[in-house]
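Beneath this line is the structure, given in structure tokens, with notes to follow.
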Amino acid sequence: MKWEDNVRKVVPYVAGEQPKEKNVIKLNTNECPYPPAPGVNEVLVNMDCKEFRKYPDPDVTELREVLAHRYQVNPEQVFVGVGSDDVLSMAFLTYFNSDKPILFPDITYSFYDVWADLYRIPYEMQKLDENFCIVKEDYLKENGGIIIANPNAPTGLMTPVSVIEEIIQANQDVVVIVDEAYVDFGGESCLPLLKKYDNLLVVQTFSKSRSMAGMRIGFAIGNEKLISYLNDAKFSFNSYTMNMTAIAAGVASVKDDAYFTETVAKVIQTRERVKKELHELGFVFPDSKTNFIFAKHQTVSGQEIFDALRNEKIYVRHWNKPRIEDYLRISIGTDEEMDTMLGFLKSYLAQKQG
Ligand code: PMP
């Protein structure tokens, strides 16, 4: 068909499976196994649907204000979007507008190269070392911008904030985005660096630590001028990205800090226990500071374990990609879910090795 020559062609990002069947153990998309804060339920139950006839607040003022208060910045420094995917995509479009390549690790969130391709942004992936660590020097050359997930996904590894700071410091002529989707699970945020650098954008999400992947809320914090450019792009796209229910649910979540702290602590506690047990079963993994563990078995291939788990209706994530094909990314579920998975792995591996 002739018109196809004129179509913008993209190779889309492939999201983790959302199985339709019930009674599966779903450890493949880093969702939180616990519900959102009780206040979220309350505002949704009491929502006045008559309000839906109106457009939502295009500035998302209320949610930006509670976030600003929570993170000790001013509301003009906060941008809110439909999940951090929306925020990141908009940030790529806004800030990465150079002929020079943007830089990011070869093993990282696999949406980055998709957005770069979509917006025709040149990019160069920088190889993580054999321990999946960032090689700082790789980010000290000329570039059109930098994006680093910290902690990284799918490795789970945290780069020290001091290293990230050196990268930001050396790249003040471009925007450096730090994607902190997983930072609440024991990582260290770069937010304090905002006082020193106006070229830093920190992006976080409600999808993991706030148990609200289904509501689609993400946000960015940065210098006011930086955020104003992001708003210009957003308002050139769609003024009403955030719907009323998401805004109300988001506000209720941020207001309950005690619940947030408690939920995150539960996930971390389970993660640390599962690390020990996976280790005993012969798995090796980088030391995760996230709500998942990126683990490889010392003798059995990643594909084999992935298939065996799937047969048991235990979903984890596996990529058939160089350097990581033997790894499985296992999200931290409830203690019960993790025990079922560990119990199965124990008998499966014993039978394979025995
Ligand atoms: N960044 C990273 C590193 C992620 O793993 C994810 C989750 N897929 C996201 C951003 C996007 O999450 P969300 O759009 O749900 O906020």
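Here V178 clears all of (1) within 16 Å of the ligand (Cβ to nearest atom); (2) under 21 Å from V135 (Cα atoms); (3) surrounded by fewer than 23 Cβ atoms within 10 Å (Cβ to Cβ) except the condition numbered (3). Within the option set K208, K225, K136, being within 16 Å of the ligand (Cβ to nearest atom), charged (D, E, K, R) and either assigned by TED's automatic domain parsing to the domain that holds F111 or closer than 16 Å to M90 by Cβ (or both) holds for one residue only, K208. Before we move on, is V45 under 15 Å from S253 (Cα atoms) and open to solvent by 90 Å² or more (accessible area, probe 1.4 Å)? Yes: the conditions hold for V45. Pairs are defined by a Cβ separation below 6 Å, a sequence spacing of at least 6 or placement on different chains, a first member in segment 1-26 that is over 24 Å from S110 (Cα atoms), and a second member that is among the polar types (S, T, N, Q) and not in a loop (DSSP other than H, G, I, E, B); no pair meets this definition.
Sort out which residues of segment 228-240 are farther than 15 Å from V73 by Cβ and either open to solvent by 10 Å² or more (accessible area, probe 1.4 Å) or within 11 Å of the ligand (Cβ to nearest atom) (or both), and write them in order of number. Residues satisfying the conditions are Y229, N231, D232, A233, F235, S236, F237, N238, S239, Y240.
Within segment 131-170, work out how many residues are basic (K, R) and in a helix (DSSP H, G or I). Final tally of qualifying residues: 1.
Residue-by-condition table, conditions (1) under 30 Å from N46 (Cα atoms); (2) at pLDDT 95 or above; (3) open to solvent by 10 Å² or more (accessible area, probe 1.4 Å):
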position	(1), (2), (3)
T159	no, yes, yes
E165	no, yes, yes
G186	no, yes, yes
L194	no, yes, yes
S209	yes, yes, no
G214	yes, yes, yes
A220	yes, yes, no
M242	yes, yes, no
A246	yes, yes, no
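Scanning segment 1-42 for residues that are of a type in the set (D, E), in a loop (DSSP other than H, G, I, E, B) and away from the ligand (no atom under 16 Å from the Cβ) yields a single hit, E21. Search segment 108-119 for residues that are away from the ligand (no atom under 15 Å from the Cβ) and pair each with any residue that is part of a helix (DSSP H, G or I) and at pLDDT 95 or above when their beta-carbon atoms are under 9 Å apart and the residues are at least 6 apart or on different chains. Close Cβ pairs satisfying both conditions: L118/S89; L118/F92; L118/L93; Y119/S89; Y119/F92; Y119/L93.
A residue that is under 25 Å from A170 (Cβ atoms), in contact with an Asp or Glu (Cβ under 8 Å, 6 or more places away or on another chain), of a type outside the set (A, V, I, L, M, F, W, C) and open to solvent by less than 80 Å² (accessible area, probe 1.4 Å) occurs somewhere in segment 103-110.
Taken as a whole, the structure leaves L128 outside the set of residues that are of a type outside the set (S, T, N, Q), open to solvent by 30 Å² or more (accessible area, probe 1.4 Å) and modelled with pLDDT of 95 or more. Name the single residue, out of those in segment 76-88 being assigned to a helix (DSSP H, G or I), open to solvent by 20 Å² or more (accessible area, probe 1.4 Å) and within 19 Å of V14 (Cα to Cα), that is nearest to the ligand (Cβ to nearest atom). My answer is D85.
The values are calculated or read from the model by the stated rules, or taken from the named source; none is laboratory data. Source: prediction; values computed, not measured. Note that we place each Cβ from the backbone using ideal geometry, even for glycine, and neighbour counts take in every protein chain shown. Heavy atoms of the whole protein, side chains included, go into the accessibility calculation; ligands, DNA and RNA do not. Shrake-Rupley method; radii C 1.70, N 1.55, O 1.52, S 1.80 Å.
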